[in-house]
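No value in this document is a laboratory result; all are computed from the given coordinates. Treat the numbers as computed from the prediction; the structure is a model and nothing was measured. Counting neighbours? That spans all protein chains shown, and the Cβs are built from the backbone with ideal geometry, glycine included.
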Amino acid sequence: MIPLSIPNISGNEWQYVKDCLDTGWISSVGSYVNKFENDIALFVDAKHAIAAMNGSAALHLSLQLAGIQREDYVIAPNITFVATCNTISYHGANPLLIDVDQYTWQMDLDLLEEFLLNETHLGEREGRPCTRLNRDNKAISIIMPVHVLGNMCDMDRLMQIANQHHLTVVEDSTEALGATFKGRHAGTFGLLGTSSFNGNKLISTGGGGMIFTNDEAIAKQAKHLTTQAKTDPFEYMHDETGYNYRLVNILAAVGCAQMEQLPKFLQRKKSIDSMYRNALESDTIRFQKITPHVNPNNWLHTIWVENQRGLIKHLLDNEIQCRPFWVPMNQLPMYKNNIYFTKSDVSNHVYHHCISIPSSTNLTDDQVNQVIDSIISYGKKA
Ligand SMILES: *Cc1c(COP(=O)(O)O)cnc(C)c1O
């Protein structure tokens with residue numbers, strides 16, 4: 001079976017993990033955690049990076065740091081991995097779903113503007129301006145752009161809309177490590193950004209996450225809250241309700257080794273992407289349109305086809321792993337009654353037409369060609 005997206009462990013991972021085991025520094029304190037944070041902050045050009053145990057924990061905490069309150073609305077795209085919406089729900093807040101663009105599969109910014117103009121008004125909260133939903137007057141405090149598959153939307157425009165409507169930006173940049181818009185890295189536009197190092201992401205620590213911010217006070221508070229809000233190294237003194245969300249040293253060691261290979265991984269993703277596009281792009285097989293000024297990280301290669309279920313079966317029969325796109329959030333039982341702003345339900349269309357195909361950085365050219373041949377042979381059959 002050619003796998004969909006698996007880790008590439010080909011650098012100093014063994015050596016750094018062995019170092020943790022040999023020295024006994026395996027837990028939540030240790031030099032690899034600090035090094036991993038520094039390495040990645042330097043790479044994305046964020047002032048601060050704070051490690052977390054996974055991307056979901058990073059998102060959960062980021063929303064808290066951005067000032068989310070119970071019953072708030074948080075704007076998110078309807079096409080995303082469920083963690084985006086779940087972390088909003090953990091706070092007793094509600095995802096407010098916006099349909100996606102049919103070509104880029106990112107939040108549709110025309111729809112977003114239309115929604116804000118027609119369905120919200122300017123109110124205030126704690127003496128500050130705050131956008132409120134017309135129908136129930138509840139606050140819309142935060143917007144979470146998700147850089148779906150490592151592409152991005154027009155971030156200039158998104159930031160401008162957010163500023164105009166007093167929305168704090170928390171980026172779900174968990175899929176977009178290394179992606180840039182006008183040279184600036186995903187995860188560094190908002191007040192907070194995030195990363196995930198889950199097994200299928202561009203770099204992996206097995207499980208892991210990161211919070212990015214340029215705000216020093218927020219960075220301090222992030223670290224404080226990931227470590228049970230302890231205020232004293234000796235006395236068990238804690239000044240608020242914190243979390244045990246810190247990444248452990250042994251996993252950060254894997255992260256340091258992965259960071260050394262990140263430029264190579266990004267290059268390989270680009271070459272796999274061009275092999276797929278050159279061989280397959282046509283009227284019947286479409287690829288994600290990359291937004292102008294975006295340099296994507298090509299995280300998960302995904303194609304749009306007419307007969308999705310037929311091609312999925314054909315690929316699986318040929319030992320090629322593939323998956324349909326995420327079920328849109330408004331079709332999940334937890335979110336089916338949430339506000340979903342759409343004109344033609346593009347989300348449902350991409351869900352029924354898109355397929356993710358093998359994308360691991362350790363795929364050989366032969367394997368990529370095997371995937372290509374298999375997709376072409378299905379086209380001839382159909
Ligand atoms: C991977 C992912 C997450 C969550 O990351 P974990 O590390 O698995 O918790 C959140 N949002 C999106 C869009 C993701 O792809």
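What to note about this one:
- Just so you know, the Cα atoms of the chain work out to an Rg and Dmax of 21.1, 71 Å.
- Translational diffusion coefficient (Stokes-Einstein; Kirkwood radius from C-alpha pairs) of segment 58-152 at 20 °C, 1.002 mPa s, in µm²/s: 156 µm²/s
- Here the peptides 247-258, 78-89 are ranked by packing, the mean other Cβ count within 10 Å, and the order with the highest first is 247-258, 78-89.
- Two tests apply to each whole DSSP H helix in the chain, Cα reach of 18 Å or more along its axis and mean Kyte-Doolittle hydropathy of at least -0.5, and the ones passing both are 31-44, 249-280.
- Sequence-distant lysines (8 or more away, or on other chains) whose Cα lies within less than 16 Å of residue 230: 220
- In segment 54-144, the trypsin sites (Lys or Arg not before Pro) that fall in loop regions by DSSP, at most 11 other Cβ within 10 Å: 70, 135
- Efficiency of FRET from Cβ geometry, residue 343 and residue 241, R₀ 45 Å, rounded to 0.05: 0.60
- Each Lys or Arg adds one and each Asp or Glu subtracts one; over the other residues with Cβ under 11 Å from the Cβ of residue 55, this totals -1.
- In plain terms, the chain from residue 137 to residue 89 could stretch by 15.4 nm, reckoned as 0.36 nm per residue minus the Cα-Cα distance.
- Paramagnetic reach from residue 319 (point 7 Å along Cα→Cβ, amide N under 19 Å) across segment 357-382: 357-360, 362-378
- Antiparallel bridge percentage (DSSP; both residues within segment 1-160; nearest 5): 55 percent
- Sorting the segments 232-244, 322-334 by their mean number of nearby beta carbons within 10 angstrom, highest to lowest, gives 322-334, 232-244.
- Stokes-Einstein translational diffusion, segment 118-183 - Kirkwood Rh over all Cα pairs, 1.306 mPa s, 10 °C, in µm²/s: 121 µm²/s
- Ordering 14-20, 92-98 by mean Cβ neighbour count within 10 Å, with the highest value first, yields 92-98, 14-20.
- A dipole drawn for the chain from +1 and -1 charges on Cβ atoms has a positive end, and of 80, 233, 90 the residue lying farthest that way is 80.
- Amide H contacts of residue 171: 190, 192, 193, 194, each under 5 Å away and 5 or more positions distant or on a separate chain (H built 1.01 Å from N in the peptide plane; Pro and chain starts excluded).
- Take every DSSP beta bridge whose two residues both sit in the chain; close to 65 percent of them are antiparallel.
- Prolate/oblate/rounded label for segment 324-382 (Cα gyration tensor, a/c 1.5): prolate
- Across 269/381; 313/380; 182/289, pairs whose alpha-carbon gap is larger than 18 Å: 269/381
- Count Lys and Arg as plus one, Asp and Glu as minus one, and take only other residues whose Cβ is under 9 Å from that of residue 107; the net charge is then -3.
- Environment charge at residue 202 (Cβ cut-off 13 Å; Lys +1, Arg +1, Asp -1, Glu -1): +3
- Stretching residue 10 away from residue 327 to a fully extended chain increases their span by 110.8 nm, per 0.36 nm per residue minus the current alpha-carbon distance.
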